[in-house]
Amino acid sequence: MWVILAIASALLLGCYDIFKKMSVASNNVLAVLFWNTFFCALLLSPFIVSDLATATPIFGGDPKAHLWILLKSAIVLASWTLGYFSIKHLPLTISGPISATRPVIVLVGALLIFSENLNLLQGCGVALGFFSLFFISRLGKKESETPKASMWLWMAVGATVFGAISALYDKYLLRVYEPLQVQAWYSLYQCVIMGAAIAVIRRFYAPARAVPFKWKWTIPCISLFLSAADMAYFYALSDDGSMISVVSMIRRGSVIVSFAFGILALHERHIKAKLTDLVILLIGLVLLVLGSH
């Protein structure tokens, strides 16, 4: 079941990347990010109200629980901030591959921290995934070799690193707390942190006000698809038999969705090479699914 949830999360996450790209185009990135955190918190607010209304103390009465969730919020928000700026200025065929390298970091962390082991099929799937991601990354760098792009590339790398840290942290949190509790409360804390951050930045940093905010219908879609993707992801990780390295690799299959959009809708370059690479990645994901049964 956790494999099916991981695949669903990947598909939803691919749509999330597309809506994110459409929302930040010629728009104020920080404002888009704030509205994303707001809608995420709004969508999950019924779970917070239900949590507060129960007789059982929140998080089982653990006084440190909210500090752990607050840390989760800060890590995710750091990844999102860097990721939103990078995806605005980079093509999907570049930002997507860089984000897709996240399983490399997650796998190393999972092997070191959780002592996870891979069977033969899973190992072959991971190897093909690594080859595919390396090839895509090289192709993406080839397309963006300009001085101006280097800052956005580094931001994309930073977003990937923080995302990998968040994925490893999730495995710990979801062994202790309920998935919906974690998702609902960290969404609320993200909105509060982002709101405070924007107020300070706009007050003391004039360039943050230079780009006006434009409302787009795709903005609430970011939150809707992200919340659904995260819900499937959290429940996948909460399964006792789940493996963070495999879940993370399957989740990165979202790059297939965003790449398809980049090729078909945005008419980006090197179509044949990218399609070949996506086939290799898909084979690797299928091997991971087969090896997980």
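The values are calculated or read from the model by the stated rules, or taken from the named source; none is laboratory data. If you're wondering where the values come from, they're calculated on a predicted model, not measured in any experiment. All Cβ positions, even for glycine, are placed from backbone atoms using ideal geometry, and neighbour counts span all protein chains on display. Remember, those area values only see protein heavy atoms, side chains included, never the ligands or the DNA or RNA. Shrake-Rupley method; radii C 1.70, N 1.55, O 1.52, S 1.80 Å.
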Requested in this report: Leaving ligands, DNA and RNA out of it, rank K64, K171 by accessible area with a 1.4 Å probe, largest first.
Outcome: K64, K171
Query - S26 versus L266: modelled label distance in nm, points set 7 Å from Cα along the beta carbon direction - result: 1.6 nm
Report summary line: Working note, the stretch 181-261: Cα radius of gyration (Å, one decimal) and Dmax (Å, whole number) are 17.1, 50
Report summary line: If each part is reduced to its alpha-carbon centroid, the stretch 61-83 and the stretch 225-240 end up apart, in Å, by 16 Å
Report task. Tally up the carbon and sulfur contribution to the accessible surface of the chain as a whole percent, 1.4 Å probe, everything protein left in place. Result -> 73 percent
Query raised in the report: Helix-derived [θ] at 222 nm for the chain: sum -39500 (n - 2.57) over DSSP H runs of at least 4, divide by residue count, nearest 500?
Result: -27500 deg cm²/dmol
Requested in this report: Give me the accessible area per residue for the chain, probe 1.4 Å, as a whole number in Å².
Outcome: 46 Å²
Query raised in the report: Excluding the sites themselves, what is the longest stretch of the chain that contains no chymotrypsin sites (Phe, Trp or Tyr not before Pro) in a DSSP loop with at most 16 other C-beta atoms within 10 Å?
Result: 1-113
Report task. Please count, across the chain, the pairs of lysine residues with Cα atoms under 22 Å apart that sit 8 or more places apart or on different chains. Result -> 27
Requested in this report: Could you give the DSSP H helices of the chain that reach 27 angstrom or more along their long axis (alpha carbon positions) and whose average Kyte-Doolittle hydropathy is no lower than 0.5?
Outcome: 2-24, 29-53, 65-89, 120-143, 149-176, 179-204, 218-238, 271-291
**Report entry** GNM result for the chain, Cα springs below 10 Å: residue of S187, S50, S238 fluctuating most strongly
**Finding:** S50
**Report entry** Globularity ratio of the chain, using Cα Rg and 2.2 N^0.38 Å
**Finding:** 0.99
